[in-house]
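Everything on this sheet refers to the single structure shown next.
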Amino acid sequence: MARLIDGKQISTQIKEELKEKVSVLKQQGKEITLAVIQVGADPASSVYVRNKKNACEYIGIRSLAYELEETVTEEELVRLVEELNDREDVHGILVQLPLPKHINEDLIIKTISPKKDVDGFHPMNVGALTIGQPSFVSCTPAGVIQLLKRSDISIEGKECVVIGRSNIVGKPMATLLLQENGTVTICHSRTKNLKEVTKRADILVVAIGKPKFVTKEFVKEGAVVIDVGIHRDENNKLCGDVDYEDVVDHVSAITPVPGGVGPMTISMLMNNCVESINL
């Protein structure tokens, strides 16, 4: 039976460590502030924003909420981000994605100061990550690395396969695994003989965005499987990109959905917020 990699437990450990750090910073007269901007009232975005606010409160980070109408113009949003860039008491800025179609997401990401880009999406932070310089790292891939390390799963010298090449997960995930001395392959929709490639993996990270896509035919026996996906199945139950029931008895360790990668994303966002005070 596979070992379950418990993201809730590891995420709680990280939050406790951050709470202690924030307490020490407060004793030094330093207060960390995160500004969260939400445009419109998309239900999923509202849940994410609420979770982020709750995490801030728990750790001791001050959060400022900007809830804008869906009709807000691109110019108004840019102006707000620029104002927050200029505020010395604001250390991190987060614009909840997706944005309405009339707003250019790329422009908004580039408007956020790289020193306040706690999501790790700004091209300067992505570039710094690629060449191994200090930077804010996209929270989900950073969370996956912590899951592996804190579960005593060594990455060095392992064959690592990432399914998915998004800017938010797939590409930074591959870079981080490479930095930990893994041998990395990225697969995507045009990969030929996908199952043959994924079956080489000692560590398989799945971020393909298709519910229950990966079955045991894709997975080497005894591999470690990290499932980044989150969906609702035909019974409205949460599931991942991996067919968990099919794969679980075939692998050495696996993340569940929910309770695996998800909680780690917010913990790593909080970690980036704590780091932001030093920039």
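The values are calculated or read from the model by the stated rules, or taken from the named source; none is laboratory data. Predicted, not measured: the structure shown is a model, and the values here were computed from it. Cβ: placed from backbone, ideal geometry, glycine included. Neighbour counts: every protein chain shown.
So is residue 41 within 30 Å of residue 153 (Cα to Cα), small (Gly, Ala, Ser) and at pLDDT below 95 or not?
no
In region 192-216, how many residues are more than 20 Å from residue 156 (Cα to Cα) and either in contact (Cβ under 8 Å) with a residue 12 or more places away in the chain or touching a Cys at 6+ places or on another chain (Cβ under 9 Å) (or both)?
Number satisfying all stated conditions: 12.
Looking at (1) surrounded by fewer than 23 Cβ atoms within 10 Å (Cβ to Cβ); (2) under 19 Å from residue 221 (Cα atoms), which one does residue 148 not meet, given that it meets all the others?
(1)
Matching residues to (1) modelled with pLDDT of 95 or more; (2) surrounded by fewer than 20 Cβ atoms within 10 Å (Cβ to Cβ); (3) more than 21 Å from the chain's Cα centre (by Cα):
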| site | (1), (2), (3) |
| --- | --- |
| 73 | yes, yes, yes |
| 83 | yes, yes, yes |
| 95 | yes, no, no |
| 98 | no, yes, no |
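Answer yes or no: is there a residue in region 264-277 that is closer than 23 Å to residue 186 by Cβ, of a type in the set (Gly, Ala, Ser) and not assigned by TED's automatic domain parsing to the domain that holds residue 60. Give the derivation first.
Pass one, region 264-277, residues closer than 23 Å to residue 186 by Cβ: 264-265, 268.
Within this subset, residues satisfying the condition of being of a type in the set (Gly, Ala, Ser) are none.
There is no residue in region 264-277 that is closer than 23 Å to residue 186 by Cβ, of a type in the set (Gly, Ala, Ser) and not assigned by TED's automatic domain parsing to the domain that holds residue 60.
Please indicate, with yes or no, whether at least one residue in region 217-240 is surrounded by fewer than 21 Cβ atoms within 10 Å (Cβ to Cβ), among the basic types (Lys, Arg), touching a residue at least 12 places away in the same chain (Cβ under 8 Å) and touching a Ser or Thr at 6+ places or on another chain (Cβ under 9 Å).
Within region 217-240 (the criterion being surrounded by fewer than 21 Cβ atoms within 10 Å (Cβ to Cβ), among the basic types (Lys, Arg), touching a residue at least 12 places away in the same chain (Cβ under 8 Å) and touching a Ser or Thr at 6+ places or on another chain (Cβ under 9 Å)), the answer is yes, since at least one residue qualifies.
Is it true that residue 26 is in contact with a helix residue (DSSP H, G or I) (Cβ under 8 Å, 6 or more places away or on another chain) and of a type in the set (D, E, K, R)?
Here the answer is no, as residue 26 does not meet what is asked.
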